[in-house]
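What follows is a single structure, written as structure tokens, with notes after it.
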Amino acid sequence: MNDRSEKIRNILVPIISVILGFILGAILMLVFGFNPIEGYNAMFSSAFQSKMSFGEILVGAGPLIFTALGFSVANSAGFFNVGLSGQALCGWVASIWVALSMPDSPKVVVVPLAIIVGALAGAVAAAIPGFLRAFFGTSEVIVTIMMNYVILYTANHIVNHVMSPDIISNKGVTKAVGLNASLREPWLTNIFGGSRVNMGFLLALIFLVVVWFLMKRTTLGFEIRSVGLNPFASEYAGMSSKRTIVISMIISGALAGLGGVVYGLGTFMNYFVQGTSVSIGFDGMAVSLLGNGSSVGILLSALLFSILKLGGQGMQFSGIPSELANSVIPLIIFFVAINYIVRVGLAKVMGGKKEVETVQEIESAPNEESEKGGKV
């Protein structure tokens, strides 16, 4: 199959998925008696109405980039890390705890320490399912899903019963971190009209480059991708699949933990008891899938998701119910999930019968020995 055609398809599939998601969303609005043109106009007008709204788009994109990168690293190793929400929550709680415990320390000490501790907390949370997968063959999907709930209720217990009363504002809510621990900078706030935009987005941009370099230009990145493609061949070539599995999950969890750090020190500036898993985990998975795991794709997808979430609030002001306003993102995810159909359709348009058969063979090839990274 022509490599150029495959690259073009990899670019077109997410674009077509987005377009189809908008089209189906418009059909839903029509079915329920709403004008989709007015709805989408309200969405984008709300998202781009001022400097402040531009800033809020970046606020929403920052944590999503980190969780999407975390999912991408694990997925490259052949694993489906569904525990990004819990790992991000670990980073959120840990960074806030550190920041509030050092109210009088200088910023150059508190911020780096809080970031490191938050990343380590996420890494530890991801290392557990990675270790169980590598040495006992347990399903990382099941373990990470269960750990999301364990971490959620453990975090709530820590805030309610473990943290010092000196750093608690109300029941289940911590005090706000001081200027010595905040990721917000006055110059950024002024540029974006008083929005909550913070250094977290710039940090996310840095890690887009760091992760790209790690995965494409280092031996560890090569080993992670090799284990993801075929763990048995990797073992035969002298790589340790068990070690690579654990390391890839640790990196994935650390990145998700950084997403939680940005959430805590940049977006909300405190921690408050959560009733359910934080959304940036599952949204990050969708961002990574839509962006095809690439750094540029993840950046664009994170910005798109942030625009849709912010603009969805504007659609509600135009009279469209929140259920319909929030339906576009799931529809886009749906078309990403059935990208097989999109790819076959593109092959029919771009190539002949032989190319269609090749795409179908690649997409539907059995993967019994290496499901989710294979047995190790």
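The values are calculated or read from the model by the stated rules, or taken from the named source; none is laboratory data. Here the structure is a predicted model, which is why all the values come from computation and not from measurement. All Cβ positions, glycine included, derive from the backbone under ideal geometry; neighbour counts span all protein chains shown. SASA here: full protein model, heavy atoms, side chains in, ligands and nucleic acids out. Shrake-Rupley method; radii C 1.70, N 1.55, O 1.52, S 1.80 Å.
Structural remarks
- Check on G86, under 14 Å from I320 (Cα atoms) and in contact (Cβ under 8 Å) with a residue 40 or more places away in the chain: no
- The listed residue being farther than 14 Å from V278 by Cβ, part of a helix (DSSP H, G or I) and in contact (Cβ under 8 Å) with a residue 24 or more places away in the chain, out of N81, N75, N148: N75
- Check on S95, more than 18 Å from the chain's Cα centre (by Cα), touching a residue at least 60 places away in the same chain (Cβ under 8 Å), within 25 Å of V209 (Cα to Cα) and surrounded by 15 or more Cβ atoms within 10 Å (Cβ to Cβ): yes
- Matching helices (runs of 4 or more DSSP H) fully within segment 263-325 where at least 3 residues are crowded, with 21+ Cβ neighbours inside 10 Å: 279-290, 295-317
- Taking each residue of segment 161-173 that is touching a residue at least 60 places away in the same chain (Cβ under 8 Å) and looking for partners that are of a type in the set (A, V, I, L, M, F, W, C) with beta-carbon atoms closer than 7 Å, six or more apart or interchain, yields M163/W97; I167/L100; G172/V159; G172/F272; G172/V273; V173/F272.
- Boolean, A125 is at negative phi, in a helix (DSSP H, G or I), crowded, with 17+ Cβ neighbours inside 10 Å and touching a Cys at 6+ places or on another chain (Cβ under 7 Å): yes
- Filter result for P112 (modelled with pLDDT of 95 or more and out of contact with any helix residue (DSSP H, G or I) (no Cβ under 9 Å at 6 or more places or on another chain)): yes
- Pairs with Cβ under 7 Å, 6+ apart, first in segment 9-35 and within 14 Å of S301 (Cα to Cα), second outside any helix (DSSP H, G or I) and open to solvent by less than 30 Å² (accessible area, probe 1.4 Å): P14/G291
This table checks each residue for (1) loosely packed, with under 14 Cβ neighbours inside 10 Å; (2) outside any helix (DSSP H, G or I); (3) acidic (D, E).
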residue	(1), (2), (3)
A181	no, yes, no
L202	no, no, no
V209	yes, no, no
F213	yes, no, no
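- Number of the exception - R133 against (1) open to solvent by 70 Å² or more (accessible area, probe 1.4 Å); (2) assigned to a helix (DSSP H, G or I); (3) among the charged types (D, E, K, R): (1)
- Only listed residue being over 21 Å from A286 (Cα atoms) and not polar (S, T, N, Q), chosen from I116, I142: I116
- Filter result (of a type in the set (G, A, S) and either touching a strand residue (DSSP E or B) at 6+ places or on another chain (Cβ under 9 Å) or part of a helix (DSSP H, G or I) (or both)) within segment 183-200: G200
- Residue among N180, N170 that alone is touching a Lys or Arg at 6+ places or on another chain (Cβ under 6 Å), farther than 27 Å from A302 by Cβ and not β-branched (V, I, T): N180
- Those residues of segment 234-249 which are among the aliphatic types (A, V, I, L, M), in a helix (DSSP H, G or I) and modelled with pLDDT under 95, in sequence order: I245
- Selection status of F54, touching a Ser or Thr at 6+ places or on another chain (Cβ under 9 Å) and either charged (D, E, K, R) or farther than 23 Å from I224 by Cα (or both): yes
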